[in-house]
Amino acid sequence: MNRVVVGAQWGDEGKAKITDLLANDADLIIRYQGGCNAGHTVVVDDKVFKFHLIPSGILYKGKTCLIGAGTVILPETFEKEVQGLIAEGIDVSGLKVSPLASITMPYHTEVDGYSENTATKGKIGTTKKGIGPTYTDKMARIGLKIEDLYNPETLSEKLDVILPLKNKTLEKVYGLEPYSKECVTALCEKYAEIFKPYVCFEWQELLEKHKRDKSVVLFEGAQGVMLDVDYGTYPFVTSSNPIAGGACTGSGYGPKMIDEVIGVAKAYVTRVGEGPFVTELNDEVGEKIRNIGHEFGTTTGRPRRTGWFDVVTMKYAVLVGGLTSVALTKIDVFDDFDEIKICTAYKDTRDGKIYKSYPTNVFMHKYLEPVYETHTGWKTNLTGVKKYSDLPQNAKNYLSRLEELLEVPISIVSVGPNRDQTIFKEA
Ligand code: GDP
Ligand code: IMO
Ligand code: MG
């Protein structure tokens, strides 16, 4: 069973926990998009591991973990992350990097930081990791790929095209310092050393072999459907495709290699950065969710915005994300809540119009308010529950109602950050 793990909201849904769990049965784990904007937390026996680039399957011995062609890689972060794992005694011999992955150069990070720091209007609230500028250059066909690092002739030829353009933009548009060819070449020599033990020039054979052997492949997404560059709350999105479709372009496997798409969603919603958020709670309930759920960014430490579960965006995520089932995480955060709300529709405050389908013009979302239904809380500590049948009736009612609204099964329920705090629901 080949699976894709997709974030179904605005990121930080607990994808890494689910990927880590499912990686136990997988042979090959492929991270297919994004870069070190991701912050993925895995907790094993109360020990916390944080990943930005490396697939969350790395904690198991003997698995192949590929950072796919659709990703963008900041070399220094990659190096730091690898060294951190080695220092913890984790075996990284299965780690591989696609030679087609894009490199985030220092000028990408500088431009991202500049744009975010100087924007007065239209600020995105990015992670300032150079993600947007790296993907921009990739699409503009002036990016560098990992494989370029190992071919001085190609690198030199590419830099002769890239640098005059890049420097003009850096200086004239951003007022930043230009980069000399010598400087960039020296940086690339350093990067070549960093990636050398991991770059997988034989990636085609690797993918062929796993396909032929009918290995179990797990595709790991970063971010979430609502941050997808094509389907998310554009322009308040990231610059890649977290949806299941992105697993194909970002890995090198076609859609027929995918059997199941698991959408990971929290029992509530969070968002970091700017952009619309119809069910956002700017009150003590939102604060309570943030504190109990420890909703502070793994990558940037920013407090996450919080709100009630939103069926309108989630149904949209089921459709465009290609979800076949849902892993619902952090339901334990509601253990102490008297009541729990679910947003089932949006109401336009101008004319009372009700939206059950997601309205894609996000600039109009300021006129929308959530329509809620209210459920009675279970007021029980769920963090030790191992079986679905042992859940309190109010929790079962809540989960059944969500399944009914979403029209996809909730196959996994997560009641804590550890591996064993997971309920696999029998079909
Ligand atoms: P990701 O980016 O989707 O992998 O998610 P993050 O790692 O950024 O954020 C999810 C956070 O919630 C992490 O700190 C996890 O350890 C934690 N977590 C995951 N599942 C659960 C759960 O069911 N309950 C609780 N309380 N915490 C969880
Ligand atoms: P994981 O994989 C939550 C958000 C940023 C910003 C927008 C664009 O941990 O779920 P970018 O730096 O990508 O150009 O920022 O996307 N963002 C995330 N939010 N989780 C993430 O990753 C995110 N990666 C980017 O906050 O709003
Ligand atoms: Mg995260």
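The values are calculated or read from the model by the stated rules, or taken from the named source; none is laboratory data. Given the structure is predicted, the values throughout are model-derived calculations rather than measurements. Counting neighbours? That spans all protein chains shown, and the Cβs are built from the backbone with ideal geometry, glycine included. What goes into the accessible areas is simple: the full protein's heavy atoms, side chains included, and nothing from ligands, DNA or RNA. Shrake-Rupley method; radii C 1.70, N 1.55, O 1.52, S 1.80 Å.
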Practice item. Check each of the trypsin sites (Lys or Arg not before Pro) in region 29-97 and keep only those in coil by DSSP with at most 10 other C-beta atoms within 10 angstrom; list them in order. Key: Lys61
Check your understanding: Normalised by the number of residues in region 241-370, what is the relative contact order in percent for Cα pairs under 8 Å and 6+ residues apart?
Key -> 30 percent
Revision key, fill the gap. Among Lys341/Lys396; Lys47/Lys330; Lys138/Lys181, the pairs whose Cα-Cα distance exceeds 23 Å are none
**Study point:** Above-threshold pairs, the threshold being 29 Å between Cα atoms, out of Lys123/Lys158; Lys129/Lys379; Lys158/Lys209; Lys80/Lys128; Lys80/Lys158
**Key:** Lys123/Lys158; Lys129/Lys379; Lys158/Lys209
**Study point:** For the chain, built as a Gaussian network whose Cα springs stay under 10 Å, the top-fluctuating residue of Lys347, Lys266, Lys128
**Key:** Lys347
Study note, to complete from the structure: When the charge dipole of region 102-195 is computed with +1 at the Cβ of Lys and Arg and -1 at the Cβ of Asp and Glu, the Cα pointing farthest to the positive end, of Ser102, Ile162, Tyr174, is that of Tyr174
Practice item. Roll a 1.4 angstrom probe over the protein heavy atoms and tell me the percent of accessible area of region 102-195 that is carbon or sulfur. Key: 55 percent
Revision key, fill the gap. Once both label points are put 7 Å beyond Cα along the C-beta direction, the Asn151-Thr349 separation in nm becomes 5.6 nm
Revision key, fill the gap. Dipole check, the chain, charges on Cβ (K,R +1; D,E -1), about Cα centroid: among Ile243, Asn291, Thr360 the Cα furthest to the positive pole belongs to Thr360
Revision key, fill the gap. To the nearest 20 debye, the chain has a Cα-centred charge dipole, built from +1 on Lys and Arg Cβ and -1 on Asp and Glu Cβ, of 480 debye
Review point. Of Gly39, Phe49, Gly68, which is farthest on the positive side of the dipole of region 1-81, counting Cα position, with +1 on Lys and Arg Cβ, -1 on Asp and Glu Cβ, and the Cα centre as origin?
Key: Gly68
**Study point:** Most mobile listed residue (Glu88, Glu189, Glu369) in the chain, GNM with C-alpha springs under 10 Å
**Key:** Glu88
Check your understanding: Three principal axis extents, largest first, for the C-alpha atoms of region 102-195, in Å?
Key -> 42, 26, 21
Check your understanding: Based on Cβ point charges of +1 for Lys and Arg and -1 for Asp and Glu, what charge dipole magnitude is obtained for region 47-150 about its Cα centre, in debye rounded to the nearest 20?
Key -> 360 debye
Practice item. Starting from the Cα of Glu407, step 7 Å along the direction of its Cβ; do the same at Glu369; then give the gap between the two resulting points in nm. Key: 2.9 nm
Check your understanding: Mind listing P(r) for the chain? All alpha-carbon pairs, 10 Å bins, whole percents.
Key -> 4, 22, 31, 25, 13, 4, 0
Point to revise | Cβ charges +1 (Lys, Arg) and -1 (Asp, Glu), total dipole of region 204-350, debye | key: 380 debye
